[in-house]
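The values are calculated or read from the model by the stated rules, or taken from the named source; none is laboratory data. Just so it is clear, the structure is predicted and the values come from calculations on it, not from any experiment. Cβ coordinates were reconstructed from backbone atoms using ideal geometry, including for glycine residues, and neighbour counts include every protein chain displayed. Protein only, heavy atoms only, side chains kept; ligands, DNA and RNA dropped before computing areas. Shrake-Rupley method; radii C 1.70, N 1.55, O 1.52, S 1.80 Å.
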Amino acid sequence: MVQTHTYREIKQQPETWRQTIKLVLSKAAELKQLFNNLHPDEVLFTGCGTSYYIAMTAASTFQEKTGISAKAVPASEVFLNPGAVFGKNKRTVLIGSSRSGNTTEVVRAVAYAQQNKLAHCVAITTQPDSELARIADDVISLPHSQEKSVVMTGSFTNLLLVSQLLAGILSADEGFLAELSRLPDIGASVIARVEPTAESVAADEAFGHFIYLGLGAYLGLAYEGMLKLKEMTQLYAEAFNPLEFRHGPISVLDGQCRVLLLSNGAIRSYERALVEDVRKFGADAVVLGDGLDDFHCDVKIALDSGLGDLSRSLLYLPFLQLFAYHRTLKMGLNPDSPRNLEQVVVLDE
Ligand code: F1P
């Protein structure tokens, strides 16, 4: 079997996480000084596609750890709908994540914020020579996470890891930083352990409608799981907050549906009850997380990380990426170049 870029880029994640942790922690004092000087009232995380889902998880984690008001906004909203994005008379930091650093909307979002003196702009990218890196006020670049595949995998987890580490540094949460520093070793064993299940679950073509569920910081991860399957296979996939799912979307459930729940230890009782209803309505339930003994579901993806809910975030991705990857191969499609999609979306208008 020809090894694809996507497969190599999924499997090399633990080693790239190790490099990202070393790089960002080496800048800890500098980053702390920068944010002490800026003393922001609000931090806006932005990006497009996969990088917008990074922003969703980053903003939730950042506010929970630092107590500084944070939200995620699609890059297009920053310059096309600024009135609803920027608070009045606020000291704002805008953090733009972008694998390529050349996605038109992200570059325009940063340029707009700077030209209108609305925010201090920080770029997180894998491309130090990109337009975004050139115009941003501060840059954190991860050349070791550059990718050849059109679909983002390792770049998603590494760009997100930067924002998680930043939240740990600014909140001086040594426990959280220590847990993040264990991700490379735990990640290597998780990838080895979950791949056979990802392959067997992917081989089961009985399901044609996939629903990803995640609460809080996990909602961005659920969206990313959805996008990986949608981008690579064009199968019908959606993502929701697990309790919001009850308020209408649950009506779609039938034997065609496979629900993938990113379990969050803090809301176990709600999750268990939901999984029971998912199965009652004839759908299949796959649950990912730590300590899943009390779940009655169809497939359990035990991460066995021993980490807290926030520091465990990255470990949900390898199974979701490998599931989509193996399903793509099963369908005879090329995971490296999904139809209708370029590696970088550059707009003429
Ligand atoms: C963002 C993005 C990717 C998507 C595709 C097109 O790119 O939307 O999420 O998978 O590759 O570009 P970037 O701004 O992070 O480079």
* Structure fact -> Among residues of the stretch 187-208 being of a type in the set (Asp, Glu) and closer than 18 Å to Asp298 by Cβ, the residue surrounded by the fewest Cβ atoms within 10 Å (Cβ to Cβ) is Glu205
* Quick one: which of Phe86, Phe79 is assigned to a helix (DSSP H, G or I), surrounded by fewer than 24 Cβ atoms within 10 Å (Cβ to Cβ) and of a type outside the set (Gly, Ala, Ser)? -> Phe79
* Can we say Ser60 is within 16 Å of the ligand (Cβ to nearest atom), open to solvent by less than 60 Å² (accessible area, probe 1.4 Å) and either over 21 Å from Ala172 (Cα atoms) or assigned to a helix (DSSP H, G or I) (or both)? -> no
* **Test: Phe45 is of a type in the set (A, V, I, L, M, F, W, C) and more than 16 Å from the ligand (Cβ to nearest atom)** => no
* Asked: Just one of Asp290, Asp298 is touching a strand residue (DSSP E or B) at 6+ places or on another chain (Cβ under 9 Å) and open to solvent by 60 Å² or more (accessible area, probe 1.4 Å); which is it?
  -> Asp298
* To do: Can you run down the residue pairs with Cβ atoms below 7 Å, 6 or more apart or on separate chains, where the first is in the stretch 35-50 and over 11 Å from Ala70 (Cβ atoms) and among the hydrophobic types (A, V, I, L, M, F, W, C) and the partner is away from the ligand (no atom under 16 Å from the Cβ) and in a strand (DSSP E or B)?
  => Leu38/Val93; Leu38/His120
* **Subset of the stretch 255-271 (residues that are crowded, with 16+ Cβ neighbours inside 10 Å and polar (S, T, N, Q))** => Ser263, Asn264
* **Meets criteria (within 16 Å of the ligand (Cβ to nearest atom), open to solvent by less than 50 Å² (accessible area, probe 1.4 Å), part of a helix (DSSP H, G or I) and of a type in the set (A, V, I, L, M)) for Ala222** => yes
* Asked: If Met226 satisfies every condition in (1) under 18 Å from Gly291 (Cβ atoms); (2) touching a strand residue (DSSP E or B) at 6+ places or on another chain (Cβ under 7 Å); (3) free of Cβ contacts under 8 Å to residues at least 40 places away in the same chain; (4) among the hydrophobic types (A, V, I, L, M, F, W, C) but one, which is the exception?
  -> (1)
* Asked: Quick one: is Glu174 of a type in the set (D, E, K, R) and surrounded by fewer than 21 Cβ atoms within 10 Å (Cβ to Cβ)?
  -> yes
* Structure fact -> Here the residues within the stretch 108-126 that are within 13 Å of the ligand (Cβ to nearest atom) and crowded, with 20+ Cβ neighbours inside 10 Å are Ala109, Val110, Ala123, Ile124, Thr125, Thr126
* Which ones in the stretch 34-63 are among the β-branched types (Val, Ile, Thr) and either in contact with a strand residue (DSSP E or B) (Cβ under 7 Å, 6 or more places away or on another chain) or over 14 Å from Leu215 (Cα atoms) (or both)? -> Val43, Thr46, Thr50, Ile54
* Asked: Looking at (1) open to solvent by less than 10 Å² (accessible area, probe 1.4 Å); (2) on the phi < 0 side of the Ramachandran plot, can you tell me which one Ala136 breaks?
  -> (1)
* Structure fact -> (1) within 16 Å of the ligand (Cβ to nearest atom); (2) surrounded by 15 or more Cβ atoms within 10 Å (Cβ to Cβ); (3) not aliphatic (A, V, I, L, M) all hold for Arg339 apart from (2)
* For Leu303, which of the numbered conditions (1) over 21 Å from Tyr52 (Cα atoms); (2) open to solvent by 30 Å² or more (accessible area, probe 1.4 Å) fails to hold? -> (2)
* Scan the stretch 189-204 for residues that are among the acidic types (Asp, Glu) and touching a helix residue (DSSP H, G or I) at 6+ places or on another chain (Cβ under 7 Å) and report the count. => 2
* Given the residues Glu15, Glu105, Glu9, which is the only one that is open to solvent by less than 20 Å² (accessible area, probe 1.4 Å) and assigned to a helix (DSSP H, G or I)? -> Glu9
* **Residue count for the stretch 135-158, restricted to those that are away from the ligand (no atom under 11 Å from the Cβ), in contact (Cβ under 8 Å) with a residue 40 or more places away in the chain and of a type in the set (Val, Ile, Thr)** => 2
* Structure fact -> Note on Ile211: of the conditions (1) among the β-branched types (Val, Ile, Thr); (2) open to solvent by 20 Å² or more (accessible area, probe 1.4 Å); (3) outside any helix (DSSP H, G or I), unmet is (2)
